[in-house]
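As structure tokens, the structure follows; a few thoughts come after it.
The values are calculated or read from the model by the stated rules, or taken from the named source; none is laboratory data. Remember, predicted model here, so these are calculated numbers, not experimental data. Because the Cβ atoms are built from the backbone with ideal geometry, glycine has one as well, and the counts that use them run over all protein chains shown. SASA here: full protein model, heavy atoms, side chains in, ligands and nucleic acids out. Shrake-Rupley method; radii C 1.70, N 1.55, O 1.52, S 1.80 Å.
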Amino acid sequence: MIEAAVLGGIPEVRPGDDLAALLAAAAEPLGGLRPDDVLCVAHKVVSKAEGRVVDLRTVVPGDRAQAWAREWDRDPRQIQVVLDEAAEVVRADRGRLICRTRHGFVCANAGVDRSNAGGEDRAVLLPLDADASARRLRARLGCAVVISDSFGRAWRTGQAEVAIGCAGLAPLEDWRGRSDADGRKMSATVIAVADQAAAAADLARAKDAAQPAVRLRGLGRYVLAADGPGAAALVRPPADDLFS
């Protein structure tokens, strides 16, 4: 059985805040955190604590950003931040920028987001290295940590939470070479454990309730003694990408 419990009482996180201390304090009313727990943390509080927040009033849009802003009726400052964060613009169409980030993620707006940013003229960026962020939190909290963000999915409507950082949890479970219930050997099944943990945690909280952390119990079989390969293991190499 998997149990999801929302950590309550976490205040608005600001640059320089001790996020690990805030999370540990929020977990105390629930009985704290165990080594076999998985703590799923929304990336925005990680980014805020690490100072990955941009004041759009300080952004000077370039020609490309201004042209797209005029064409799509968008804020040119935000488009400029997206371009600054993108390693590659995979597709730009109808006001949407699908980008490959420095981490290798392919997502809308290179992960730049103005919702729950703490102010009208603020945008939150992805952590520079979310796996490293997860490792630092795990070292302080003593449990597995997943850092998540909402991504759209190719060929599917709606967003789902995925892991962009991970420590202490096997991000993948490879079933290739094993037999299914009928005895047939599987050749393609690799379970995205960290992504599914992130998605399960997201169902326990509300997007407008300032609930950035959820404790999962029941995933002990996936918890590692070491930090593990992180969410980087979930990134499909560009050479294997048949569509972008």
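To keep it simple, each residue is scored yes or no on (1) open to solvent by less than 80 Å² (accessible area, probe 1.4 Å); (2) under 17 Å from GLY95 (Cβ atoms); (3) touching a residue at least 12 places away in the same chain (Cβ under 8 Å); (4) not hydrophobic (A, V, I, L, M, F, W, C).
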position	(1), (2), (3), (4)
LEU7	yes, no, yes, no
GLU12	no, no, yes, yes
LYS44	yes, no, yes, yes
LEU56	yes, no, yes, no
TRP72	yes, yes, yes, no
ASP84	no, no, no, yes
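Here's the yes/no breakdown for (1) open to solvent by 20 Å² or more (accessible area, probe 1.4 Å); (2) assigned to a strand (DSSP E or B); (3) of a type in the set (S, T, N, Q); (4) out of contact with any strand residue (DSSP E or B) (no Cβ under 9 Å at 6 or more places or on another chain):
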residue	(1), (2), (3), (4)
ILE98	yes, yes, no, no
ALA123	no, yes, no, no
LEU126	no, no, no, no
LEU137	no, no, no, no
PHE151	yes, yes, no, no
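Out of the helices (runs of 4 or more DSSP H) lying entirely within the stretch 19-94, which hold 1 or more residues that are at pLDDT below 95? Give the derivation first.
Working: elements: 19-27, 43-49, 63-72, 76-85.
In the stretch 19-94, the matching helices (runs of 4 or more DSSP H) lie at 63-72.
In the set ALA226, ALA198, ALA192, ALA232, which member is without any contact (Cβ under 8 Å) to a residue 60 or more places away in the chain, closer than 25 Å to ILE98 by Cα and open to solvent by less than 70 Å² (accessible area, probe 1.4 Å)?
Matching residue, one of ALA226, ALA198, ALA192, ALA232: ALA192.
Does ARG176 meet the test of being modelled with pLDDT under 95, open to solvent by 10 Å² or more (accessible area, probe 1.4 Å) and more than 27 Å from SER115 (Cα to Cα)?
Criteria met by ARG176.
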